[in-house]
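Report on the structure given below.
The values are calculated or read from the model by the stated rules, or taken from the named source; none is laboratory data. Only a predicted model underlies this, so the values are computations on that prediction, with no experimental measurement involved. Here the Cβ is made from the backbone with ideal geometry for all residues, glycine too, and neighbour counts use every protein chain on show. Keep in mind that these areas ignore ligands, DNA and RNA; they rest on the heavy atoms of the full protein, side chains included. Shrake-Rupley method; radii C 1.70, N 1.55, O 1.52, S 1.80 Å.
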Amino acid sequence: MSLDVAAIRADFPILARTVRSGNPLVYLDSGATAQRPIQVLDAERAYSLTSNAAAHRGTHLLGEEATDALEGARARVAAFIGAEPGEIVFTKSATEGANLLAYAISNAATGGPSGGPAAGTAAAALAVGPGDEIVVTELEHHANLIPWQQLCQRTGATLRWFGVTQDGRLDLSDLDTLINDRTKIVAVTQQSNVTGAMPPVARIAEVAHARGAIVVADGAQSVPHHPVDVRTSGADALFFSAHKMLGPTGIGVLWARADLLAALPPFITGGSMIEVVRMEGSTFLPPPERFEAGVPPVAQAVGLAAACDYLDAIGMAEIAEHERMLTARALEALSEIPGVRVVGPLTTQDRGGAISFTVDQVHPHDVGQVLDELGIAVRTGHHCVWPLHRSLGVQATTRASFYLYNTPGEVDALADGIRTAQKFFGAL
Amino acid sequence: MQLESMYQEIILDHYRHPHHRGLREPFDAQVHHVNPTCGDEITLRVALKEADGDHIVSDISYDSLGCSISQASISVLADLLIGKPVTEAMEVSAEFLDLMHSRGQAEPDEDVLGDAVAFTGVAQYPARIKCALLGWMAWKDATAQALGTAATARALADLDGDLDSDFDRERQ
């Protein structure tokens, strides 16, 4: 069944505003951050107006309600991706999720913060060092590249990577050699934020697991747009952010298999992640609390849970199908414009709704400026994926990304806008 | 459309037909600057020559990749600053920086800024200010390096002279 986009749009008042020169907003930048429906804002507000307190602290009623709200949100997010509540760690962002893993693993390697249930052989098994390899891909957002690059630099492990094909998919021709007995970690995105390509993570994971490596998946662009079930994903860990899935900024999620989380030493230490503290040393709580030092962002967690409710009420499969329809229309419309080159797959097969492109003789910044003048919000630049752009031989691109509230008419507006930019800069 | 207020005809002219483009010899310093948000980049060389106790900007040459605003800005910069004493060029540069940080409220002095007054509209778009400043920042960096080199060379020359005169005195 197709989405009732008009009804959905009514939940997002921002989509009704006008922008420069009084044009209606055409928001095609959900890949950067999604807009938020009233339901999410109301949930945050209701919590703040009635129950606001520091969760997991205090003996008063509000503290109990805040704790319930936080743990309820944890269970809601777990259900959204087919996980157990105890496997969900709230972070401040997807980026922090990747860093948490990388630093916890390097703490396992260097014997960093020690003691508690994390100490011992389980943690030692995760340690990486000279002779070990970490495999990433050229498709990765900097958030799933630099933490691993840095981990290698700290520990002496070697970073290796999959290249990309000319149509912006993962080049898996060396899958069986790149992942080998030295491989300890494979970090790969479930969906490229530039080309939209969706690598076969489950297939990669089969090879990785056979070699004893763990698989870390970047879900920042997949979880908001497709049904994701961690039990069939092949990943051992998955991170994503709330603000790309109709939720608030300032909160992200790291999911990892319970045994993996249990084996990891902490990354950020401090309040509410400890078991016993003595001046000589401390022990730490089990996951997920071990990884949630400091007062947690309860209002944001509540907002994220409301976003999960909103998305599930519409249906993730339906949302994915709606985006597939928009993507197909956009790919066709762009293919009809001379001088426009899509950097990424030209069909919707294993592809999400992020479309990056170049326009001959018009720099992406200038394309974006003309589109902005017409009310069309897109992203320009390298989208935090510099190596991919280098690899595909482009300096920067313009990216349009779609979500459940976008319409076919907005896709057509994009195509018209690109033609206007070409005319303005004399490229036609 | 407000687009014309940003993309003044002067800017589009410089973008389509950039002045002083290409890397040339001789030069005293070369820098490579990048705009990390979009990957735009410039390699810029500065050549100075000494005159009347000051330095003159004898050449600015560059190789760059970027949007219309960044490319036009570099072209305008080269037009404006080549042939000027460094002190005066630094004043022009400071004036341009002020203009770009004015949010479009400044009344630029065309006698000082020449074609660069066309960038007043760009200052209304915070996301594009970095584009306009890419070449100017590279120029400032290269010139500081060139002056450093010149100062070092002069200091060495002075030192040489001192040593020579010391040596001369000794000999006498």
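With only the Cα atoms considered, chain A has a convex hull volume of 136 Å³ per residue.
In this Cβ point-charge picture (+1 for Lys and Arg, -1 for Asp and Glu), chain A has a dipole of about 700 debye about its Cα centre. In segment A:390-419, burial by the other protein chains removes 30 Å² or more of accessible area from A:Q395, compared with the chain on its own (1.4 Å probe, ligands and nucleic acids ignored). Using the Karplus relation 6.51 cos²θ - 1.76 cosθ + 1.60 with θ = phi - 60°, the per-residue 3J(HN,Hα) values for segment A:66-71 come to 5, 4, 4, 4, 5, 6 Hz, with x marking Gly and Pro. Of all DSSP-defined beta bridges confined to segment A:83-297, some 45% are antiparallel rather than parallel. Computed 3J(HN,Hα) for segment A:165-170, one whole-Hz value per residue from the Karplus formula 6.51 cos²θ - 1.76 cosθ + 1.60 where θ = phi - 60°, is 7, 5, 8, x, 9, 6, glycine and proline marked x. Note on B:39-48: average number of Cβ atoms from other chains within 10 Å of each residue's Cβ is 2. For a straight C-alpha distance cut-off of 20 angstrom, the lysines reachable from B:K130 (same-chain residues fewer than eight places away being disregarded) are B:K140. So which trypsin sites (Lys or Arg not before Pro) in segment A:1-95 are both in a DSSP loop and have at most 14 other Cβ atoms within 10 Å of their Cβ? Loop-located and lightly packed - A:R17, A:R57.
Each 5 Å bin from zero holds the following percent of Cα-Cα pairs in chain B: 2, 9, 17, 19, 17, 12, 7, 5, 3, 3, 2, 2, 1, 0, 0, 0, 0. A:K244: which lysines have alpha carbons under 23 Å from its alpha carbon, excluding same-chain residues fewer than 8 sequence positions away? Counting by Cα, and skipping residues close in sequence, A:K244 has these lysines nearby: A:K92. When shorter helices are ignored and each DSSP H run of at least 4 residues is given -39500 (n - 2.57), the per-residue value for chain A at 222 nm works out to -12000 deg cm²/dmol. To put it simply, the accessible area of segment A:83-297 at a 1.4 Å probe is 55 percent carbon and sulfur. In the protein assembly as shown, the DSSP beta bridges split such that about 70 percent are antiparallel, to the nearest 5. Normalised Debye scattering of segment A:83-297 at q = 0.08, 0.11, 0.17 Å⁻¹ gives log10 I(q)/I(0) of -0.26, -0.49, -1.18, counting only Cα atoms as equal scatterers and leaving out solvent.
In loop segments of segment A:262-307 as defined by DSSP, the GluC sites (Glu not before Pro) with at most 12 further C-beta atoms inside 10 Å of their C-beta are A:E280. Once B binds A, the 1.4 Å probe can no longer reach about 1700 Å² of accessible area, counting both sides. Accessible surface computed residue by residue for chain B, with neighbouring protein chains in place and a 1.4 Å probe, gives 49 Å² per residue. Couplings for segment A:253-260, taken from phi via the Karplus curve 6.51 cos²θ - 1.76 cosθ + 1.60 with θ = phi - 60°, read 10, 10, 9, 8, 3, 4, 5, 5 Hz in order; Gly and Pro are left as x. Over chain A, Cα pairs under 8 Å with separation of 6+ residues give a relative contact order of 22 percent.
Taking amide H atoms as placed 1.01 Å from N in the peptide plane, the amide H of A:R160 lies under 5 Å from those of A:I134, A:V135, A:V136, each 5 or more residues away in sequence or on another chain.
The accessible-area loss of segment B:58-77 on complex formation, taken against its chain alone with a 1.4 Å probe, reaches 20 Å² or more at B:L65, B:C67.
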